[in-house]
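Sharing a structure, written as structure tokens. Questions coming.
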Amino acid sequence: MQPKQGKMKISTALLSVMLVSSIALTACGSSNDSSNTSNSSNSTNNSTSNAAADNSSSNSTDSNAAANNGGNTAAPAEKVTVEFWANKFEETTDNWFKKWVAEFNKSQDQIEVKLQIVPGDAWAQKLKAAQAAGKAPDFYTMNYGGIANAAKLSQIQPLNDLIDGAQYDDLYDNIKDFVSVGDKYYAYPMLVEPSAVLYYRKDLYTAAGLDPEKPPTTWQELIDNGKKLTQKGIFGLATGQTAGDLGWSSWGLQYGAAGHLALTDDWSKADINNDGYRAVINFYADAYKAGIMPKQALAGYADASPFGQGKVAQEISGSWAIGQYRNDFKNMLDKIGVAPMPSQNGDPSTTTATLGGWSLVVDGKSKHPKESAAFISYLLGGDPNVMIDFFKTAQFSKFSPRKSVDEAMKADPAASQDPWRALIAEKVIPFSKAEPIYPWDVSMAVSTAIESAMKGTDPEKALEKAEKDINDFIAKSKLAGTNPKQAAAQ
């Protein structure tokens, strides 16, 4: 269902009214700071509710001049041009950005958005160079893990006075924290992707005497099923196996088993010498030693092709795998079962996944924060049909952070009839947590312990080494007391 153009139209007159409102709002106490020092980046319901306003009076009508000119209003000012950089994603996502930038530019005559899509391998260097030269884009994509630190360093601007608060009220409660630091919002979320979902072959379950309508709910059941499903040419289970993949794919299990991640809240020391982290390490070691996993990973964690190719009977992967199956393995779709990743204790409300994803942020030195926020509001926080259009292009492998979008999907035939989307939206996302914002070195220490235990190292010794490595890193990098979330809360 495509949004009707009339519904998306933003008139010049309406923008002029919003111009006055926006200036008044800012005058009442804006918390924006557009004079921050140069930075380096880390990687509602109504689309017109927060239209942009320029800081100068050139965009407003001079009432005296109008009176002296027979009541005619002044000629409209030239468009304000804002630069938008987006990471290069799938081609469908790139095209979606291009489509809606063009729609926004056609819908009104005060703001012109110029889009540049930047490949991921060039992103950090290109953005850093642009910021050093004073030519940074006005707004850009940022993953959730980078927001808190960027806010702490004033690399991005708070949006409370730029985007209607009703649009933030539209976010699910467990996602608001992803884009906020203290009482300020620094980004607006675009999507979330659960890091861990269980995919299984229903036909192989039946052949092995397992009920395809009753997927495993505990780690032990997952391993036991894997033993029954392992046969010549088919492994019973695939998941992350290398330290690099385990570093992020195991975050959800760490949350669920230990109730927290690997550091204390003040980042002063490792918090992994406990039964929860022992359970996580033992789960991976037991699964590997059971002979149900390949000796070496058939593909990286983000690549679900071994399952689609029929080499694996159960696979733990992210929600993005749905898009891969639907695009590349259409002949397998009726054989695939989808379920939440099992937890240690079988409780369906236990966290087993983290939510990665992307947002849009306004650069700390943007000269046009209001105009930038107007487009962010239009694209991500406005008419639900804009985002439904995106989720359709993604084959419903990504999910909405907004309640109104999910509600609107119930009236959309394609979305409402998609059982995989409904299952993940209802049984995975509400119990998922944010990814950690501490340095990657911490996650690698934990994942190295998991990998070494899988290869035969005593789990207790692997855990002790990880604890020492993390504490050494904290001391060397002076990490203690630098958690931006905790500092903002104090």
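Anything in region 162-216 that is assigned to a strand (DSSP E or B) and within 21 Å of ASP138 (Cα to Cα)? List them, or say none.
SER180, VAL181, LYS184, TYR185, TYR188, PRO189, listed by residue number.
Okay, next question. Can you pull out the residues in region 282-298 that are open to solvent by 40 Å² or more (accessible area, probe 1.4 Å) and in a helix (DSSP H, G or I)?
ASN282, ASP286, LYS289, listed by residue number.
Which residues, taken from region 250-266, are polar (S, T, N, Q) and crowded, with 23+ Cβ neighbours inside 10 Å? Outline the logic, then answer.
The first filter runs over region 250-266 and keeps only residues polar (S, T, N, Q), leaving 250, 254, 264.
Hits for region 250-266 are SER250, GLN254.
Determine whether THR239 is under 23 Å from the mean Cα position of the chain (by Cα) and modelled with pLDDT of 95 or more. Spell out how you get there, then give the answer.
On the way: under 23 Å from the mean Cα position of the chain (by Cα): yes; modelled with pLDDT of 95 or more: yes.
Spelling it out, THR239 is indeed under 23 Å from the mean Cα position of the chain (by Cα) and modelled with pLDDT of 95 or more.
Going by the conditions given, is LYS330 over 23 Å from PHE84 (Cβ atoms) and of a type in the set (Lys, Arg)? Give the steps one after another, and end with the answer.
Values: over 23 Å from PHE84 (Cβ atoms): yes; of a type in the set (Lys, Arg): yes.
Here the answer is yes, as LYS330 does meet what is asked.
Go through region 302-331 and report how many residues are more than 15 Å from ARG201 (Cα to Cα), open to solvent by less than 20 Å² (accessible area, probe 1.4 Å) and either modelled with pLDDT of 95 or more or of a type in the set (S, T, N, Q) (or both).
Selection size over region 302-331: 2.
Right, another one. Being within 17 Å of GLN309 (Cβ to Cβ), open to solvent by less than 50 Å² (accessible area, probe 1.4 Å) and of a type outside the set (Ser, Thr, Tyr) is the filter here; which residues of region 199-240 pass it?
ARG201, LEU204, LEU229, ILE234, GLY236, LEU237, ALA238
Exactly one of these conditions fails for VAL192: (1) farther than 26 Å from ASP303 by Cβ; (2) under 19 Å from the mean Cα position of the chain (by Cα); (3) β-branched (Val, Ile, Thr). Give me its number.
(1)
With respect to ILE111, determine if the residue is surrounded by fewer than 18 Cβ atoms within 10 Å (Cβ to Cβ), of a type outside the set (S, T, N, Q) and more than 12 Å from VAL362 (Cβ to Cβ).
Judged against the criteria, ILE111 is not a match.
Enumerate the pairs (first residue in region 125-152 and on the phi > 0 side of the Ramachandran plot; second residue anywhere and open to solvent by 20 Å² or more (accessible area, probe 1.4 Å) and of a type in the set (S, T, N, Q)) with beta-carbon separation below 9 Å, excluding pairs fewer than 6 apart on the same chain, so at least 6 apart or on different chains.
Partner pairs satisfying both residue conditions: GLY134/SER38.
Which of the helices (runs of 4 or more DSSP H) contained wholly in region 332-445 include at least 3 residues that are open to solvent by 10 Å² or more (accessible area, probe 1.4 Å) and closer than 28 Å to ALA166 by Cα?
Those helices (runs of 4 or more DSSP H) span 384-393, 403-409, 413-416, 419-427.
Check off (1) in the same structural domain as ASP472 (by the TED database); (2) within 17 Å of GLY252 (Cβ to Cβ); (3) open to solvent by 10 Å² or more (accessible area, probe 1.4 Å) for ILE450 and give me the number that stays unchecked.
(3)
When you look at GLY247, is it buried (at least 22 other Cβ atoms within 10 Å of the Cβ) and in a loop (DSSP other than H, G, I, E, B), yes or no?
Spelling it out, it is not the case that GLY247 is buried (at least 22 other Cβ atoms within 10 Å of the Cβ) and in a loop (DSSP other than H, G, I, E, B).
The values are calculated or read from the model by the stated rules, or taken from the named source; none is laboratory data. Here the structure is a predicted model, which means the values were calculated and not measured. Counting neighbours? That spans all protein chains shown, and the Cβs are built from the backbone with ideal geometry, glycine included. The accessibility values were calculated without ligands, DNA or RNA, using every heavy atom of the protein model including side chains. Shrake-Rupley method; radii C 1.70, N 1.55, O 1.52, S 1.80 Å.
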